[in-house]
Amino acid sequence: MLEEQHKLSKFELTWLGVIFWSVAFTAIEAPFSFVFKTSIQTWQLWADGLLSIIFISDLVHRLRITSAATDLKNKKVKVHFVRKDIFILIDIIACIPFDIITFAFDLSAGLHVITLLRLFRLVRIGKVFNLVGNLTIVPKWVKIQMYVICSMIIIHWITCIWIWIHPIVKFGEGLIQNDYYVRCLYWAVTTLTTIGYGDITPQTTGGRLFCMFIMIMGVGVYGIVIGNVANAIQNANRYKEQNREKIQELSNFLKYYKIPDRLQTACYDYYNHIFGQRLSDNDSKIISELPHALQKELQTYMNMKLIAKVPVFNNCTLACLKAIASVLEQKFYAPGHTIINTGEVGDEMFIIGHGKVDIILKDGSVVATLHEGQFFGEQALLEHTTRNANVRAHEYCDLYKLNKTDFLKIIQIHPELSVNIGQVVRRRASDKVRAKVSLHSKET
């Protein structure tokens, strides 16, 4: 299954969605047209032609993949769309535009059942449903949507069979087609759910047998549907529930050991940061058993998610972001810890992943407080200089350090990074000049 998930591209997933909805449309329209013996409309001809083109394209696509797989020397290669000969024959039948043929040869009068041959297209929905239903890369809402649509199709079929068993003429000519369908749909839903108000009852032996079968089937069908939907929702909320449990455990721990409010606030802030920035706080544990080289690459992509939000990297290419993320070094600092000292030679810049830092001048005055997503020390990457201010952790901080050596290597390949940081340095220098001028004007 992991192999299938890897091979399925976004185009193939989208194409499977097109096939699913094409089959769903046929599964709804064909039985309705059959039981009510409706005359073929212009929109049905267009729809039948379009669906035939879609199924022909799908068949050609799968035959090409099958042919390519056969030519490969590696017999272990599996292709999702490979079919046995009998299914290829059924797929060919599914491509035939039966509505167009029926209309062209005026067969609707005596051979209306020909329209039902379009239901051969249902063979495709089984494979699509099974494949997409088992893929973890498919969003949960898509799977829930498929369960709901398939349930609606089953209810629609039951409704159409009931109409076929009890035609509209048996309940009076005054009923129009749409009203009668809604009435029969109402019967199908109440019977499947075993509610059965008794206002609509079978009039024949065949109808009674069918009614009993539907009542028995209803328990199983709704149990399966509700179970699958509930499971999908539960899986979607699994991490949220784990996060809530972790916060509750942390709360109990802090209360039991009577932790001061200051530390409690720091703990809650950090967990909120973790839950906002990562899938869970177990990200490192999830990849810990993988090979070291693979761990490093995955960690790179985790860092990319962080730095993508930093303004200085906004215009960088994906390759540049990946290069930066691969050399970032994570650092942790407690409140009051000095990160940068005035006068020391700098050779790195810092990105704030979590927390706040204070920029402090020699006289001890705090001129700025930087927070998550901001950065400092960038001037040291562009020129040989000494630090002109102290930087101190205002609270518990999670920082990412970029060394000058790594930076110089990256800008040789990705000069846009040097341009971005240079713009930031010049803008900050300009802000300092304006601030000094403003202060001087106030003093005079």
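The values are calculated or read from the model by the stated rules, or taken from the named source; none is laboratory data. As the structure is a prediction and not an experimental result, all values here were calculated from the model. All Cβ positions, glycine included, derive from the backbone under ideal geometry; neighbour counts span all protein chains shown.
Rundown of residues vs (1) exposed (fewer than 13 other Cβ atoms within 10 Å of the Cβ); (2) over 16 Å from residue 378 (Cβ atoms); (3) not β-branched (Val, Ile, Thr), yes/no style:
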{"position": "311", "(1), (2), (3)": "yes, no, yes"}
{"position": "324", "(1), (2), (3)": "no, no, no"}
{"position": "332", "(1), (2), (3)": "no, yes, yes"}
{"position": "348", "(1), (2), (3)": "no, no, yes"}
{"position": "351", "(1), (2), (3)": "no, no, no"}
{"position": "356", "(1), (2), (3)": "no, yes, yes"}
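Within the range 131-139, does at least one residue satisfy the condition of being under 20 Å from residue 25 (Cβ atoms), surrounded by 14 or more Cβ atoms within 10 Å (Cβ to Cβ) and either modelled with pLDDT of 75 or more or of a type in the set (D, E, K, R) (or both)?
Checking the range 131-139: not a single residue is under 20 Å from residue 25 (Cβ atoms), surrounded by 14 or more Cβ atoms within 10 Å (Cβ to Cβ) and either modelled with pLDDT of 75 or more or of a type in the set (D, E, K, R) (or both).
Is it the case, given these coordinates, that residue 381 is buried (at least 19 other Cβ atoms within 10 Å of the Cβ) and not small (Gly, Ala, Ser)?
Working: buried (at least 19 other Cβ atoms within 10 Å of the Cβ): yes; not small (Gly, Ala, Ser): yes.
Spelling it out, residue 381 is indeed buried (at least 19 other Cβ atoms within 10 Å of the Cβ) and not small (Gly, Ala, Ser).
Could you please find all residues in the range 290-308 being under 20 Å from the mean Cα position of the chain (by Cα) and not in a helix (DSSP H, G or I)?
Selection gives 308 alone.
Is it the case that residue 51 is touching a helix residue (DSSP H, G or I) at 6+ places or on another chain (Cβ under 6 Å) and at pLDDT 75 or above? So that I can check it myself, show each step before the final result.
Details: touching a helix residue (DSSP H, G or I) at 6+ places or on another chain (Cβ under 6 Å): yes; at pLDDT 75 or above: yes.
Yes; evaluated as a whole, the condition is true for this residue.
Going by what's in this entry, would residue 364 be described as at positive phi and crowded, with 16+ Cβ neighbours inside 10 Å?
Values: at positive phi: yes; crowded, with 16+ Cβ neighbours inside 10 Å: no.
Taking the combined requirement at face value, the residue does not satisfy it.
Using the structure shown, decide if residue 122 is closer than 26 Å to residue 15 by Cα, at pLDDT 60 or above and in the same structural domain as residue 15 (by TED's automatic domain parsing).
Working: closer than 26 Å to residue 15 by Cα: yes; at pLDDT 60 or above: yes; in the same structural domain as residue 15 (by TED's automatic domain parsing): yes.
Yes; evaluated as a whole, the condition is true for this residue.
Using the structure shown, decide if residue 404 is on the phi < 0 side of the Ramachandran plot, of a type in the set (D, E, K, R) and exposed (fewer than 14 other Cβ atoms within 10 Å of the Cβ). Steps first, answer last, please.
Values: on the phi < 0 side of the Ramachandran plot: yes; of a type in the set (D, E, K, R): yes; exposed (fewer than 14 other Cβ atoms within 10 Å of the Cβ): no.
No, not satisfied.
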